[in-house]
1. In the range 63-84, what count of residues is obtained for those that are outside any loop (DSSP other than H, G, I, E, B) and either loosely packed, with under 15 Cβ neighbours inside 10 Å or aromatic (Phe, Trp, Tyr) (or both)?
2. Restricting to the range 60-83, name every residue that is without any contact (Cβ under 8 Å) to a residue 24 or more places away in the chain and acidic (Asp, Glu).
3. Restricting to the range 1-42, name every residue that is acidic (Asp, Glu), part of a loop (DSSP other than H, G, I, E, B) and over 22 Å from the mean Cα position of the chain (by Cα).
4. Could you pull out the residue among 106, 153 that is modelled with pLDDT of 95 or more and outside any helix (DSSP H, G or I)?
5. Residues in the range 161-184 that are touching a residue at least 12 places away in the same chain (Cβ under 8 Å) and of a type in the set (D, E, K, R): how many?
6. If I ask for residues that are in contact (Cβ under 8 Å) with a residue 60 or more places away in the chain and among the charged types (D, E, K, R), which ones from the range 86-122 would you list?
7. Give me a count of the residues in the range 159-193 that are assigned to a helix (DSSP H, G or I), aliphatic (A, V, I, L, M) and either touching a strand residue (DSSP E or B) at 6+ places or on another chain (Cβ under 7 Å) or loosely packed, with under 11 Cβ neighbours inside 10 Å (or both).
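The values are calculated or read from the model by the stated rules, or taken from the named source; none is laboratory data. All values reported here derive from a predicted model rather than from experimental measurement. No Cβ is skipped: glycine too gets one built from the backbone with ideal geometry, and neighbour counts run over all protein chains shown.
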Amino acid sequence: MPEDNLCYCEEDTDKEELKSMLLSRNEIWMKIKDGSDTVNDSMRTIILSCVDSRVQVERIFNVKPGELLVLKNAGNMITEDILRSVLIAIYELSAKFLIVLGHTRCGMSILGDKNKIEHLMTKLGKNTLDKIEKQTGQDPLKWFGFFPQGQWCENVKTQVNYIRQVLSELIDGCNMPCIIPALYDLDTGEVKFLD
């Protein structure tokens, strides 16, 4: 869909308008659905990518529903919940590969940019920041998992090294997936494998 056909929710968009828009698009999807409804992860591959809406993993790799298991969070970070999902995929779906897919211009790479950090802190507000620190016992910038500006490849490699270490402590070698670092270029659409 061309960019000029993007839908926008304005400040006064209500729940019913959103639901109507999504259901009309779902009708289009139902007419073209081309995947299996019984197979889950036929490629035996987990892809962890960023929650950024421009990183549409299934489209990037032109896969059908049922072929890949896609996990997403802000900054493609290995968190406790991602680890839980990876372990389930390894043992229940026999996942053999894990791709950590970062992307250029990731909004989580703000460390080192004083203006972006100040903007975030202002938007969140002192009350929220204090609550995050109290609940997590960590500095909010560390808890969010922000990484240095422009270091998208380095972040991917850090996540790959971390998941390798954690999985090697939790599972036996025969169940260890092949872990592959990759970077998606938002401008060109190209994926580069970083190993």
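1. 3
2. Residues satisfying the conditions are 80, 81.
3. If the condition is that a residue be acidic (Asp, Glu), part of a loop (DSSP other than H, G, I, E, B) and over 22 Å from the mean Cα position of the chain (by Cα), then 10, 11, 12, 14, 34, 37 are the ones that fit.
4. Numbers: 153 fails: outside any helix (DSSP H, G or I).
Step by step, each of 106, 153 is checked, and only 106 is modelled with pLDDT of 95 or more and outside any helix (DSSP H, G or I).
5. Step one: of the range 161-184, the residues touching a residue at least 12 places away in the same chain (Cβ under 8 Å) are 162-164, 166-167, 170-171, 175, 177-184.
Now drop any that are not of a type in the set (D, E, K, R), which leaves 164.
So the answer is 1.
6. 96, 105
7. Let us first name the residues in the range 159-193 that are assigned to a helix (DSSP H, G or I), namely 159-170, 173-175.
In the following step, the residues that additionally are aliphatic (A, V, I, L, M) were identified as 160, 163, 166-167, 170.
Filter once more, keeping what is either touching a strand residue (DSSP E or B) at 6+ places or on another chain (Cβ under 7 Å) or loosely packed, with under 11 Cβ neighbours inside 10 Å (or both): 160, 163.
Residues meeting the conditions: 2.
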